[in-house]
Amino acid sequence: MFLHFPTINKAQIYLITALTLLYPKLSMGQSLQDGIYTEEQASRGAEEYASRCASCHSADLRGNSNSPSLIGLSFMFIWEGRSLGELFTKMSTEMPTDQPGSLSQQSYAAILAFILQSNEFPSGSTELASNADRLEPIPISSQ
């Protein structure tokens, strides 16, 4: 008994190779370890955070008795296992508490980039998306 495998021509091999090289993460998805924000975006986010978030979450992102910490083990305890899209949605619909949803989507993304940078996730060459749907598949994970 012989197994029959379909033949693949050179053009198909070239196409498969090109797609593999151009889109290496096509099947794996993104993670926080992939550098999904830029340093410049995080820098903009730091400025936005200082003016719009620090009064509640404190300048060092550690929060207080009324606002949760946005860094370290406390942050990961709340958010690990959830998606970046869920965090972005919470930020963009509920923050700042005195004017929910009052910032632009780009500002929320920049603040989120600053939070990722503050949690020592690596930066990269592409800005973090300012769309919850694009962030939804990215898990919040320390690994």
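Some points to look at:
- Principal axes of segment 72-143: Cα extent on each, largest first, Å: 33, 28, 21
- Derived scalar couplings ³J(HN,Hα) [segment 40-54; Karplus, 6.51 cos²θ - 1.76 cosθ + 1.60; whole Hz; x for Gly, Pro]: 5, 5, 5, 5, 4, x, 4, 5, 4, 4, 4, 8, 10, 10, 4
- Between the amide H of S58 and those of G63, distances stay under 5 Å, these residues lying 5 or more places away or on another chain, with hydrogens modeled in the peptide plane.
- I71 sits among other residues whose Cβ lies under 14 Å from its own Cβ, and their net charge, with Lys and Arg +1 and Asp and Glu -1, is -2.
- For S67, no residue 5 or more places off, or on another chain, has a built amide H under 5 Å of its own.
- Take the Kirkwood radius over Cα pairs of segment 33-100, plug it into Stokes-Einstein at 10 °C and 1.306 mPa s, and you get 122 µm²/s for translational diffusion.
- Computed from backbone phi with θ = phi - 60° and the Karplus coefficients 6.51, -1.76 and 1.60, the 3J(HN,Hα) list for segment 95-109 is 10, x, 4, 7, 8, x, x, 7, 9, 6, 4, 5, 5, 4, 5 Hz; x is used for glycine and proline.
- Here the peptides 68-78, 109-119 are ranked by packing, the mean other Cβ count within 10 Å, and the order with the highest first is 109-119, 68-78.
- Taking the average, over residues, of other Cβ atoms within 10 Å as the packing measure, peptides 37-46, 96-105, 55-64 rank 37-46, 55-64, 96-105 from highest down.
- Extension gain (nm, one decimal) between S43 and R134, 0.36 nm per residue minus Cα-Cα: 30.6 nm
- In this structure the amide hydrogen of S83, modeled in the peptide plane, comes within under 5 Å of the amide hydrogens of I140, none closer than 5 places in sequence on its chain.
- Each label was represented as a point 7 Å from its Cα along the Cα-to-Cβ direction; for A54 and Q33 these points are 3.3 nm apart.
Coordinate-derived values only; no laboratory data. Computed from a prediction, not measured in an experiment: that's the story for all the values here. No Cβ is skipped: glycine too gets one built from the backbone with ideal geometry, and neighbour counts run over all protein chains shown.
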